[in-house]
Amino acid sequence: MEIILTADETLTTTYRDLPLADFLGCAPPNRIPPILYKIIDTQVPDKNGRLTFAPYSLRKIEAALLREYKKDDIVVAHPRHIKKFIKENTTIVAVTAMDPLGLGPVTMLFTDGGRLPSYTKIKFTSLIKKIDQYRQAKKLDFKIVVGGPGAWQLEAKEDEMEKLGIDHLIIGETEHQIIEIFKEIEEGSAEKIIYARGWPSIEEIPTIINPSYKGMIEVMRGCGRGCKFCDPNIRKARFYPLEKIIREVEVNRKAGQRSAWLHSEDIFNYMIEDKRRYHPNEDAVINLFEEVLKRVDYANPTHGNVSGALAAPRILEKVAELNNANIHKWVGIQVGLETASPILIEKVGNNKVKPFDANEWPWVLLNGTYAFNKYFWFPAYTSIVGLPGETEDDEIDTARLIITIREKLREELGEKAHFIVVPLSFVPMGLLRDEEFFDVEEQLTQGRLLHIYHAWRHILWEVEHGFKLMKLGIVSSFFSPLIKLGLRFLLRSIEKWAAKNGLDLKKSLEPMDIKIEKF
């Protein structure tokens with residue numbers, strides 16, 4: 001093959017479709033029993049070494065390259081079978097990366113600020129080393145190219161590129177330039193680090209030709225809200241027309257996929273027209289789900305903003321109805337909580353709160369969660385530890401907010417009250433890329449530790465009480481005790497660290513004085 005596209009094994013594993021299991025990739029294996037990875041690491045199927053279902057980013061690049069290259073010149077290979085496709089005429093082996101050096105926000109928190117190697121780093125570096133060693137052993141001269149959402153990590157640690165034998169790094173969205181970039185690489189005229197110029201228009205972004213993993217399809221690119229701590233949010237928002245989305249749904253459906261993951265930075269921003277106050281285009285979002293669900297059994301959004309959800313609960317109600325959601329079948333969504341501080345959120349992401357005001361942020365989070373749960377939506381929130389400019393009170397208030405949401409939702413909704421908050425370590429990205437990484441070893445304070453502790457304590461509660469939300473079976477029944485054991489171990493470790501450093505995790509925290517507004 002002339003061009004080989006692949007990814008490391010953390011992007012081709014199913015983790016047996018267990019909720020929260022994806023976080024195992026962020027952990028350092030020397031703190032997790034090795035047998036757990038062996039049992040849980042089930043890889044997507046391949047056909048003679050070709051990925052049957054591939055990461056969505058690879059499918060996009062594959063489709064873009066096929067505008068110029070012949071079908072027989074490109075293969076999307078399973079990382080375990082990549083050597084099978086490397087030949088004398090191979091010019092490029094391109095690898096998409098999500099968390100190649102373990103610098104992602106969750107990973108940095110799990111690995112003591114990167115001091116321990118994460119599973120993602122181990123798998124990525126071992127793949128690149130395997131490719132480079134094979135190249136040297138066979139005396140071949142193809143180029144190793146890395147791109148994807150995690151490429152910034154290798155830009156930040158350029159010396160790692162040299163050590164691993166990576167020839168070129170591509171930064172940015174590339175569908176509009178990938179043919180030109182690959183031609184320059186093949187000719188030997190490309191820079192070591194290649195920065196894509198601008199962003200592709202919707203017309204320049206190709207429709208996938210072969211099926212993506214988990215039925216993943218995009219409905220928009222970028223965000224437009226402009227949060228300073230996030231790369232996608234500072235990119236121009238571009239919306240896929242419905243016909244383009246449906247074509248990709250059909251590609252996956254024909255391959256046997258009966259569900260669709262609708263990917264965006266904020267599903268409630270799809271086809272938005274009010275770009276001053278960011279009130280959702282309710283009819284467009286609902287129509288999107290209606291059309292997709294004519295073709296598949298279930299459609300789940302990947303990301304959304306709590307402000308949009310609270311501003312347009314009709315979307316939540318209708319999408320739940322279309323998905324036949326109930327106490328045993330929930331619509332999952334990842335949402336940014338970030339901080340409980342109105343002052344801090346106004347500084348780093350004021351548009352995130354719209355159409356509400358920054359001083360309402362804790363109220364928005366409580367009532368937005370109520371709205372999600374009322375219609376059987378399960379929000380998986382992420383918060384940020386160590387945001388530039390935060391105060392000790394900001395972190396304590398974030399812990400208090402977690403407690404507040406938990407207690408008030410249980411009072412109002414009983415067994416329908418469900419959410420999690422996953423604390424992330426601040427990583428300099430977006431407009432804050434010149435700031436320093438948060439150092440979990442050196443910069444933990446009482447407030448930050450309370451934030452982390454109460455977040456994970458609530459996650460343990462959800463795992464202990466929330467498995468009725470998931471489809472029970474032999475696999476989930478087997479792994480449930482292991483996940484609970486791991487979370488208890490994590491909490492005990494936090495408690496021991498706090499005691500050793502004279503910090504009090506038993507400090508009583510009063511819930512915030514905010515109320516649920518029923519509707």
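The values are calculated or read from the model by the stated rules, or taken from the named source; none is laboratory data. Please read these numbers as outputs of a predicted model, since none were measured by experiment. For neighbour counting, all protein chains shown are included, and Cβ atoms are generated from backbone atoms with ideal geometry for every residue, glycine included. Surface accessibility is based on the protein's heavy atoms, side chains included, excluding ligands, DNA and RNA. Shrake-Rupley method; radii C 1.70, N 1.55, O 1.52, S 1.80 Å.
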task: Within segment 56-90, track down each residue that is farther than 11 Å from residue 7 by Cα, among the polar types (S, T, N, Q) and open to solvent by 10 Å² or more (accessible area, probe 1.4 Å).
output: 89
- prompt: Only one of (1) among the polar types (S, T, N, Q); (2) at pLDDT 85 or above; (3) open to solvent by 40 Å² or more (accessible area, probe 1.4 Å); (4) assigned to a helix (DSSP H, G or I) fails for residue 493. Which number is that?
  reply: (2)
- prompt: So, in segment 87-99, of the ones that are of a type in the set (S, T, N, Q) and over 19 Å from residue 149 (Cα atoms), which residue ends up farthest from the chain's Cα centre (by Cα)?
  reply: 89
- request: Out of the residues in segment 38-58 that are at pLDDT below 95 and touching a Lys or Arg at 6+ places or on another chain (Cβ under 6 Å), state the one that is nearest to residue 77 (Cα to Cα).
  value: 42
statement: Contact list, first residue from segment 315-343 and touching a residue at least 12 places away in the same chain (Cβ under 8 Å) and within 19 Å of residue 266 (Cα to Cα), second anywhere and assigned to a helix (DSSP H, G or I) and of a type in the set (Phe, Trp, Tyr), beta-carbon distance below 6 Å, six or more apart or interchain, is 319/289
message: I need the full set of residues from segment 126-145 which are open to solvent by 20 Å² or more (accessible area, probe 1.4 Å) and not basic (Lys, Arg), in order please.
response: 126, 132, 133, 134, 136, 137, 140, 141
query: Restricting attention to segment 100-125, and to residues there that are over 20 Å from the mean Cα position of the chain (by Cα) and at pLDDT below 95, which single residue is surrounded by the fewest Cβ atoms within 10 Å (Cβ to Cβ)?
result: 115
- prompt: Is it the case that some residue within segment 182-197 is over 17 Å from residue 92 (Cβ atoms), within 23 Å of the chain's Cα centre (by Cα) and surrounded by 20 or more Cβ atoms within 10 Å (Cβ to Cβ)?
  reply: no
query: Restricting the first residue to segment 167-185 and requiring it to be closer than 19 Å to residue 100 by Cα and outside any strand (DSSP E or B), which pairs with a second residue that is open to solvent by 40 Å² or more (accessible area, probe 1.4 Å) and hydrophobic (A, V, I, L, M, F, W, C) meet a Cβ separation below 7 Å and a spacing of at least six or different chains?
result: 173/199
- prompt: Name the residues in segment 272-292 that are open to solvent by 30 Å² or more (accessible area, probe 1.4 Å) and either without any contact (Cβ under 8 Å) to a residue 40 or more places away in the chain or of a type in the set (D, E, K, R) (or both), would you?
  reply: 273, 274, 275, 276, 277, 281, 282, 283, 290, 291
message: Filter segment 23-55 down to the residues that are surrounded by fewer than 22 Cβ atoms within 10 Å (Cβ to Cβ) and within 30 Å of residue 202 (Cα to Cα) and list them by number.
response: 44, 50, 52
